[in-house]
Amino acid sequence: MIKFTITHEINCDADTFWRLFFDKEFNEQRYKGARGFTKYDLLESKDSDKQLTRKVTATPKVDLPGPLAKLLGPGFSYIEDGSLDN
């Protein structure tokens, strides 16, 4: 399995980020609608007094150049695992 990390800056305050991060409808529209992901499924969501957690699996729609397509195959999926301590 190939592992890599992608980092990007998000231009909003922390409260807005975490509110949207845990908003199921917002994320489904964002990934399935606006970004055209072929798959975006919530695997797990927990809300306790101490922590909020969310785990999703996603498959972005990609059009890779030949060498990358050969390396990665016809597509790839990833799991995003996030948590916020209260």
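The values are calculated or read from the model by the stated rules, or taken from the named source; none is laboratory data. All values reported here derive from a predicted model rather than from experimental measurement. Positions of Cβ are generated from backbone atoms using ideal geometry, with glycine treated the same way; all protein chains shown enter the neighbour counts. Ligands, DNA and RNA are stripped out before the accessible areas are found, and what is left, the full protein with its side chains, is counted by its heavy atoms. Shrake-Rupley method; radii C 1.70, N 1.55, O 1.52, S 1.80 Å.
Quick rundown of the values:
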quantity: Probe 1.4 Å - accessible area at residue 22, Å² to nearest ten; calculated: 50
quantity: Apportionment of accessible area to carbon and sulfur, the chain, percent (1.4 Å); calculated: 52
quantity: Over 21 Å (Cα to Cα) - which of 3/50; 32/70; 3/55 fall in this group; calculated: 3/50; 32/70
quantity: Using θ = phi - 60° and Karplus 6.51 cos²θ - 1.76 cosθ + 1.60, couplings along region 30-36 (whole Hz; Gly, Pro as x); calculated: 5, 7, 6, x, 5, 9, x
quantity: Per residue, in Å², the accessible surface of the chain once ligands and nucleic acids are set aside, probe 1.4 Å; calculated: 80
quantity: Candidates per trypsin sites (Lys or Arg not before Pro) in the chain, loop by DSSP, up to 14 other Cβ within 10 Å; calculated: 3, 35, 50, 61
quantity: Solvent-accessible area of residue 6 with every protein chain in place, 1.4 Å probe, in Å² to the nearest 10; calculated: 130
quantity: Of the GluC sites (Glu not before Pro) in region 19-83, those whose Cβ has at most 13 other Cβ within 10 Å and which sit in DSSP loop; calculated: none
quantity: Charged-residue dipole, Cβ positions (Lys, Arg, Asp, Glu), the chain about Cα centre, Debye nearest 20; calculated: 460
quantity: Exposure ranking of 78, 40 by accessible area [1.4 Å probe, largest first]; calculated: 78, 40
quantity: With DNA, RNA and ligands ignored, accessible area of residue 53 (1.4 Å probe; Å², nearest 10); calculated: 20
quantity: The chain: relative contact order as a whole-number percent, Cα under 8 Å and 6+ apart; calculated: 23
quantity: Listed candidates (1) 39, 34, 20; (2) 47, 27, 23; (3) 37, 29, 22 - label of the one calculated as Cα extents along the principal axes in Å; calculated: (2)
quantity: Structure-based [θ]222 nm, the chain - -39500 (n - 2.57) summed over DSSP H runs of at least 4, per residue, nearest 500; calculated: -5500 deg cm²/dmol
